[in-house]
1. Looking at the chain only, what percent of DSSP beta bridges run antiparallel? Nearest 5 please.
2. To the nearest 0.05, what FRET efficiency results for K270 and R37 with a Förster distance of 22 Å applied to their C-beta separation?
3. Can you tell me the Rg and Dmax of region 291-382, counting just the alpha carbons, in angstroms?
4. For the chain, which longest stretch is free of loop sites, where a loop site is one of the GluC sites (Glu not before Pro) that DSSP puts outside H, G, I, E and B and that has at most 13 other Cβ atoms within 10 Å?
5. Let's test this: bin the Cα-Cα distances of the chain at 20 Å from zero up to the farthest pair and state each bin's percent.
6. Checking a compactness column here: for region 218-278, what do you get for Rg(Cα) / (2.2 N^0.38 Å), N being the number of residues?
7. Once you have the Kirkwood Rh of region 7-68 from its Cα pairs, apply Stokes-Einstein at 10 °C and 1.306 mPa s and quote D in µm²/s.
8. If N is the number of residues in region 17-175, what value comes out of its Cα radius of gyration divided by 2.2 N^0.38 Å?
Amino acid sequence: MKITKLSTFIVPPRWLFLKIETDEGVTGWGEPVVEGRAATVEALVHELADYLVGKDPFRIEDHWTVLYRGGFYRGGAIHMSALSGIDQALWDIKGKALGQPVHQLLGGRCRDRIQIYSWIGGDRPADVAASAKQAVASGFKALKLNGCEELQIVGDHAAIDRAVEVIATVREAVGPHIGIGADFHGRVHKPMAKTLVKELEPYKLMFIEEPVLSEHREALREIANHCSVPIALGERLYSRWDYKGVLQDGVVDIIQPDVSHAGGITECRKIAAMAEAFDVALAPHCPLGPIALAACLQLDAVSYNAFIQEQSLGIHYNEGSDLLDYVTNREAFAYQDGFVAIPDGPGLGVEVNEAHVVEMAKVGHRWRNPVWRHADGSFAEW
């Protein structure tokens, strides 16, 4: 079998899909995208195609190594996201050709299903109690919301009071036993993060995500000393080498590699195994489309330390198109009682509705994240 063609499709709401074809008619799908930089990643996918066309798609480890190391400059969001989508599509091809789900090729699953959480609220947390109650009524046992608005490096306590009020309101709305993840999106700097995490302690959060940006990981030890809530991060780390120092620091409790940003299934499997050796939990990041979610579930299936999976059904970013719009076998994502079953179909386990993909690629998108500013006019982290 030989790879013959790589085709890309920029589709709403903010996704990029990749189709890899072979001379034996077996095709694979991947999701190589950086949110807000889809066209840039698409260009790199086609640059990497120069090496792949004519190659045996089964040699995934070798292709990953060449595509990562062979260009001399390596790593980062764009490169690793392009490589991620290619890796997903190659695993999809291999599974389909052999008639097996990817997790079977990785040793077989160690779980039948995994807990999922639902996003509630939007970018500006306010009046989220109704959304939280609705999610719980739909069967979710865990929720995540943006934990705060933008914060100056040293700001007034009113912003912290507002953040605490939102979390308190959600906790009161859903009761004591629903998991709540508070995502701070790197909006908080160390001087404010210490106070914020301490004040959130009484609300028994499932985790605090990105209390500071990953590049400020040296601050995490001091932040951790102010609370007992598990600390999660990793959506902006792109390889096992990025994670190495984080794990060695021994402060992060949950890692969140994104299978569309951190090298695909091949690399995220290695990152997960590294984390397991440090007794760190795995909760893959995935506010993306159905191919990315399917790839995450293959990883969850074979990772002992996986405990919960992000998913984007109904997320506030998905305006006009949603997770299930691009697949023909919607039953592959069997949500029940706050869990999703591990897909058992061949490859990634999802059947992409190619006709719909082609049609929606005519619409495309130019999605960009908002640009926020503080009251003084300076840039604020979104």
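The values are calculated or read from the model by the stated rules, or taken from the named source; none is laboratory data. Just so it is clear, the model here is predicted, and its values are computed rather than measured. Reconstructed Cβ throughout: ideal geometry from the backbone, glycine too, with neighbour counts over all protein chains shown. Just so you know, the surface numbers come from the protein's heavy atoms only, side chains and all, with ligands and any DNA or RNA stripped out. Shrake-Rupley method; radii C 1.70, N 1.55, O 1.52, S 1.80 Å.
1. Among the beta bridges of the chain, antiparallel pairing accounts for roughly 50 percent.
2. Efficiency, rounded to the nearest 0.05: 0.35.
3. Just the Cα atoms of region 291-382 yield Rg and Dmax of 17.2, 54 Å.
4. 25-318
5. Histogram of Cα-Cα distances, whole percents per bin: 29, 59, 12, 0.
6. Its radius of gyration relative to the 2.2 N^0.38 Å reference: 1.11.
7. 127 µm²/s
8. Against the empirical 2.2 N^0.38 Å value, I get 1.44 for region 17-175.
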